[in-house]
């Protein structure tokens, strides 16, 4: 993927130079509920290029997590198609890495063994990946914690281990489902900055689900806002900030303007009148 | 129900939250000394009661005379202790295997769970001791009869504890496995089984005490050899001292078997502990 032109450049053109890595076409998810069917996602279409960091942003229940689970092959769409790297996603695939809200580490395994868990499941040779696991842990700032157990790590550290675990088998795409929402605000800011740095280094394609407007704006190349009833893609907007990014860009008036715009879009999609609250918050 | 004495000790030790620990702190010393002191005091009171009250040994032998009998006739006691311990161990191992196997079936097959589980619970309500004589009819008076009865009464707690353990697995972990295209077998060996181990061991601790009860009951009615046989035989001849000595040896055997299970648990904990190595 190094040969692909990296979109991690400020003000990259909106047109994709090559075929997109992920193509989502008119995807729909209908759950059969007790009071009739519920449309969790209605006709979502989206294309994501290699190396892009795209956030799916919206309030709880807007279908963003459902869409992510369909991209992961963990949920089956009731309509439409999802194509990753030219082949349809109909079940979980080994070229997808996932990070959930909880780190979901095996409590009896050490940090490095948890990172190597996908290698064991995928039956790949352990020896070469052991070195890679060390490098990944060092990259996320966990060098020296290889033989610690999850109970000895903080919430933020555990989620860093989960990031390494998702990256260990070098998947084509990384799916993150509100990975920092269980962390406190300060840790969350730190994790956002760390993630931004890690993604600059690995140049992975990422889909990041969040309900934090600031988080989406800070991390993403593109922010896709989902909302409405039934839920659909309301807005797909490129973030006009260069890389690498530091948390200080949140002080930037341009950042404030983008966040305000995203907030208004979300509120309009939900039919709520814009409130007078400051636009900088969640 | 003399056999219950040895096994009761185990049941108490397996009580909630009582995991055996090797390291003792200051409070650990107290936790050991206090019950030992109480036991010694009870034995002393017993001894005093027998001596001062001039109680005939046929009614109640004193702790000292019981101990003297054990020292003098350890070879006879050992001859009877071996089959009892061996049969209990075999019954326990088979009960554990059967219990874990049934738990796997219940966990992986909805049909089996719905069909089997209510019946297992209902079956547990039967006073199983009442069925012991039937085992003699079905399997004769040999070892297989006693072992089968031990399995019959010991497997239930293993099924319940193990299936609870399999069900206790974090759902997020199962989703992660699914996303990694893990096979059912991989999920079982990497996640479900290790996560269920503490539950399995708590079931096994109950099972070992029940297996011993099963064998003793079997010996009561088949009367060939073993500590249960010795107790019944000696009691019939008003040889209370022998009965008492056999019960003491039975306690020791029960503790030994229970200790082995507890050691296994500690070993498993070493590997599958959330605590730092």
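Shielding of peptide A:135-142 by partners, expressed as the average count of other chain Cβ atoms within 10 Å per residue Cβ, is 0.
Between helix A:126-139 and chain A there is an angle of about 60 degrees, using the helix long axis and the longest principal axis of the Cα atoms.
Enter the mean number of other protein chain beta carbons within 10 Å of the beta carbon of each residue in B:186-195, as an integer.
Working: counts 4, 1, 0, 1, 5, 3, 0, 0, 4, 3.
Rounded to a whole number, the mean comes out at 2.
Springs between alpha-carbon pairs under 10 angstrom, Gaussian network model over chain A: which of A:150, A:125, A:59 fluctuates most? Judging by the Gaussian network model, the answer is A:125. Protection proxy ranking for A:191-199, A:87-95, B:144-152, using the average of other Cβ atoms within 10 Å per residue and placing the highest first: B:144-152, A:191-199, A:87-95. Dividing the convex hull volume of the alpha carbon atoms of the stretch A:32-77 by its residue count gives 92 Å³ per residue. Please give the FRET efficiency for residue A:264 paired with residue A:87, using the beta carbon to beta carbon distance and R0 = 25 Å, rounded to the nearest 0.05. About 0.05, to the nearest 0.05.
Once Rh is set to the Kirkwood radius over Cα pairs, what Stokes-Einstein translational diffusion coefficient, in µm²/s, holds for chain A at a temperature of 25 °C and a viscosity of 0.890 mPa s? Intermediate values should be presented prior to the final figure.
Working: Rh = 19.5 Å.
So the translational diffusion coefficient is about 126 µm²/s.
Helix A:155-167 axis versus longest C-alpha principal axis of chain A: approximately 80°, rounded to the nearest ten.
Sort A:139, A:239 by Cβ crowding within 10 Å, fewest neighbours at the top. Can you show the working numbers first?
Details: A:139 18, A:239 23.
So the ranking, lowest neighbour count to highest, is A:139, A:239.
The stretch A:198-250 to the stretch B:82-154: how many Å between their Cα centroids? Distance between centres, Cα-based: 59 Å. Each of A:266, B:271 has some number of other Cβ atoms within 10 Å of its Cβ, and from fewest to most they run B:271, A:266.
The residues B:73, A:232, when put in order of fewest to most other Cβ atoms within 10 Å, stand as B:73, A:232.
Each reported figure results from applying straightforward, stated rules to the coordinates on display, with no laboratory input. None of the values given here were measured: they were computed from a predicted structure. Neighbour counts run over all protein chains shown; Cβ positions are idealised from the backbone, glycine included.
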